[in-house]
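The values are calculated or read from the model by the stated rules, or taken from the named source; none is laboratory data. This structure is a prediction, so every number in the text was calculated from the model and none was measured. Cβ: placed from backbone, ideal geometry, glycine included. Neighbour counts: every protein chain shown. We work out accessible area using only protein heavy atoms, side chains counted, and drop any ligands, DNA or RNA first. Shrake-Rupley method; radii C 1.70, N 1.55, O 1.52, S 1.80 Å.
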Amino acid sequence: MRLTKVVFTLARHIEQYAKYSPSSLSVKQFMDFGQNACEKDSFEFLRQELPVRLANIMKEINLLPADLLRMPSVVTVHKWYVDSFKDVLEFTDKDSGDSKVLQSFAVALDKIRNRHSDVVPTMAQGVLELSESVFVDNDTDDKIQYFLDRLYMSRIGIRMLINQHALLFGETLNQNKRHIGCIDPYCDVVDVVKDAYENARFLCERYYLASPDLKVAAINKKENGIPIQIVYVPSHLYHILFELFKNALRAVMEHHGTAAYSYPPVEVLVVKGDEDVTIKIMDRGGGMPRSTVPLLFKYTYSTAPRPSVGDATGTPLAGYGYGLPLSRLYARYLLGDLTITSCEGYGADAVIYLKALSSEANELLPVYNVSSCRHYTTPTFERDWFTTGDIKRLRANRNGSGK
């Protein structure tokens, strides 16, 4: 009886907080608060905002296909969110002027961050468990794709809030005195490009014993001759660039072969305009068919061998196909974007767009509402343009084969 009451109370709290939309903050707002940091104000904001963000995505977890919800890894992820929601609720009525309360809150946030550190690979394992146990049709696959984009974007936003609080008020001091939390007011884009390339190059040379060189060009339209700097989260930009360089270097090496005498360089163009900072990465790795490009951002697609359930070998996330989808989310989190175009037989271009102005770089966050519910409860619209290939694929899906 008591357990039933606790579960009912928790569900009521989730329902209550899910009625509110998350507060989307701009990089400028993060900066302004960080420069005039007050732990009490941060505590009061986070104890209201974190339950809202958690509740919004928890409501969507419950709308997932029943088969996916039963997967052990998905059950684990759901439990993590429930536990974190309860941890934050513990501070709802606590005195924000009590230093012990603030210290306990910092400990709780650190616990939540550590608990959610493996959400991405664990959820990936859950999707893999589903695909190896039942046939996943296109409609279910679309719903999973939609949900994962929102789950991981929510996670990026929650970690941003927690990291800011921890770096500003936690016991671990920020290693870079210039940074405001995890934001660099003078993030040198070319420096991050070179850093990401060097680390990707290290992996490439370790595996292929060689690597293409890097050529970088920068054009600052606003301040000609001045290094391109923006107010940004360098760890996010590094994550995107490192993933793209890994793909580009691998493509060049495999397209030209390890016996080649030399390799064409990977070229990068960085341009700062009035609204955007654009980073274009160009490789001559042979490109890919145009039909493959839309698949690059699907979580269920990968060019690397997919791991089987329980496979603990290989590099983290290798074969899950999550590198590019997550990189695009990091770009879109602050209203940027990531696109890829291909010239089959020659190479591929990846273009990263970032907001040039910190006041316009706002968080993009998922909101639980009627529109989001509709994505889970209604079938994908029937296509009204067909080719012979489409009809064959539809018949194959109806027969239970994904071929």
### Per-region count, region 86-113, residues under 21 Å from M160 (Cβ atoms) and of a type in the set (D, E)
2
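Can you name the residue in region 134-174 that is in a helix (DSSP H, G or I) and of a type in the set (D, E, K, R) and is also farthest from L326 (Cα to Cα) among such residues? Talk me through it step by step, then tell me what you get.
If we filter region 134-174 for residues that are in a helix (DSSP H, G or I), which is where we start, we get 138-169.
Then keep just the ones that are of a type in the set (D, E, K, R); that gives 139, 141-143, 149-150, 155, 159.
Details: D139: 22, D141: 17, D142: 16, K143: 17, D149: 8, R150: 11, R155: 11, R159: 14 Å.
Among those residues, the one meeting the criterion is D139.
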### Query
Which condition number in (1) out of contact with any Pro (no Cβ under 8 Å at 6 or more places or on another chain); (2) small (G, A, S); (3) assigned to a helix (DSSP H, G or I) is the one that S117 fails?
(3)
### Message
Please go through region 179-193 and give me each residue that is assigned to a helix (DSSP H, G or I) and open to solvent by 30 Å² or more (accessible area, probe 1.4 Å), ordered by number.
### Response
D191
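Quick grid of which residues meet (1) touching a residue at least 12 places away in the same chain (Cβ under 8 Å); (2) in contact with a Leu (Cβ under 7 Å, 6 or more places away or on another chain); (3) surrounded by 18 or more Cβ atoms within 10 Å (Cβ to Cβ):
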{"residue": "D110", "(1), (2), (3)": "yes, no, no"}
{"residue": "Q125", "(1), (2), (3)": "yes, no, yes"}
{"residue": "D137", "(1), (2), (3)": "yes, no, no"}
{"residue": "F147", "(1), (2), (3)": "yes, yes, yes"}
{"residue": "K177", "(1), (2), (3)": "no, no, no"}
{"residue": "D195", "(1), (2), (3)": "yes, no, no"}
{"residue": "R206", "(1), (2), (3)": "no, no, no"}
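For region 360-381, what are the residues that are surrounded by 13 or more Cβ atoms within 10 Å (Cβ to Cβ) and not hydrophobic (A, V, I, L, M, F, W, C)?
Step one: of region 360-381, the residues surrounded by 13 or more Cβ atoms within 10 Å (Cβ to Cβ) are 360-369, 372-373, 375-376, 380.
Scanning region 360-381 gives E360, N362, E363, P366, Y368, N369, S372, H375, Y376, T380.
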### Summary
With the first residue restricted to region 72-97 and required to be on the phi > 0 side of the Ramachandran plot, and the second required to be part of a helix (DSSP H, G or I), Cβ contacts under 8 Å at 6 or more apart or on different chains are none
### Query
If you check every pair at least six apart or on different chains, which have Cβ atoms under 9 Å apart with a residue in region 243-263 that is more than 14 Å from K215 (Cβ to Cβ) first and a residue that is charged (D, E, K, R) and in a loop (DSSP other than H, G, I, E, B) second?
A251/R284; H255/R284; H256/R284
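Here's the yes/no breakdown for (1) in contact with a Lys or Arg (Cβ under 7 Å, 6 or more places away or on another chain); (2) within 19 Å of C373 (Cβ to Cβ); (3) not basic (K, R):
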{"site": "A11", "(1), (2), (3)": "no, yes, yes"}
{"site": "P22", "(1), (2), (3)": "yes, yes, yes"}
{"site": "L25", "(1), (2), (3)": "no, no, yes"}
{"site": "M31", "(1), (2), (3)": "no, no, yes"}
{"site": "R47", "(1), (2), (3)": "no, no, no"}
{"site": "P72", "(1), (2), (3)": "no, no, yes"}
{"site": "E90", "(1), (2), (3)": "no, no, yes"}
{"site": "D98", "(1), (2), (3)": "no, no, yes"}
{"site": "S104", "(1), (2), (3)": "no, no, yes"}
### Query
Taking helices (runs of 4 or more DSSP H) that do not extend beyond region 1-107, which have at least 1 residues that are farther than 30 Å from Y186 by Cβ and open to solvent by 50 Å² or more (accessible area, probe 1.4 Å)?
2-18, 39-61, 66-69, 72-89
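Residue-by-condition table, conditions (1) at pLDDT 95 or above; (2) touching a Leu at 6+ places or on another chain (Cβ under 6 Å); (3) outside any loop (DSSP other than H, G, I, E, B):
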residue: L269; (1), (2), (3): yes, no, yes
residue: K280; (1), (2), (3): yes, yes, yes
residue: G286; (1), (2), (3): yes, no, no
residue: T315; (1), (2), (3): no, no, no
residue: A318; (1), (2), (3): no, no, no
residue: L326; (1), (2), (3): yes, no, yes
residue: D349; (1), (2), (3): yes, no, yes
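Looking at region 354-368, which of its residues are part of a loop (DSSP other than H, G, I, E, B) and either free of Cβ contacts under 8 Å to residues at least 24 places away in the same chain or within 16 Å of P234 (Cα to Cα) (or both)?
Going through region 354-368, the residues part of a loop (DSSP other than H, G, I, E, B) turn out to be 356-361, 363-368.
Across region 354-368, the qualifying residues are A356, L357, S358, A361, E363.
Pull up region 227-238, narrow it to residues that are part of a helix (DSSP H, G or I) and touching a residue at least 60 places away in the same chain (Cβ under 8 Å), then point me to the one that is surrounded by the most Cβ atoms within 10 Å (Cβ to Cβ). Full working, then the answer.
Applying the first criterion (part of a helix (DSSP H, G or I)) to region 227-238 yields 234-238.
Adding the requirement that they be touching a residue at least 60 places away in the same chain (Cβ under 8 Å) leaves 236-237.
Values: H236: 23, L237: 26.
Within region 227-238, the match that is surrounded by the most Cβ atoms within 10 Å (Cβ to Cβ) is L237.
Give region 208-226 a look and list any residue that's of a type in the set (G, A, S) and open to solvent by 60 Å² or more (accessible area, probe 1.4 Å), or say none. Spell out the reasoning first.
Just the residues of region 208-226 that are of a type in the set (G, A, S), to begin with: 210-211, 217-218, 225.
Those that are of a type in the set (G, A, S) and open to solvent by 60 Å² or more (accessible area, probe 1.4 Å): A218, G225.
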### Summary
For region 208-225, the count of residues that are modelled with pLDDT of 95 or more, more than 27 Å from the chain's Cα centre (by Cα) and within 29 Å of N362 (Cβ to Cβ) equals 2
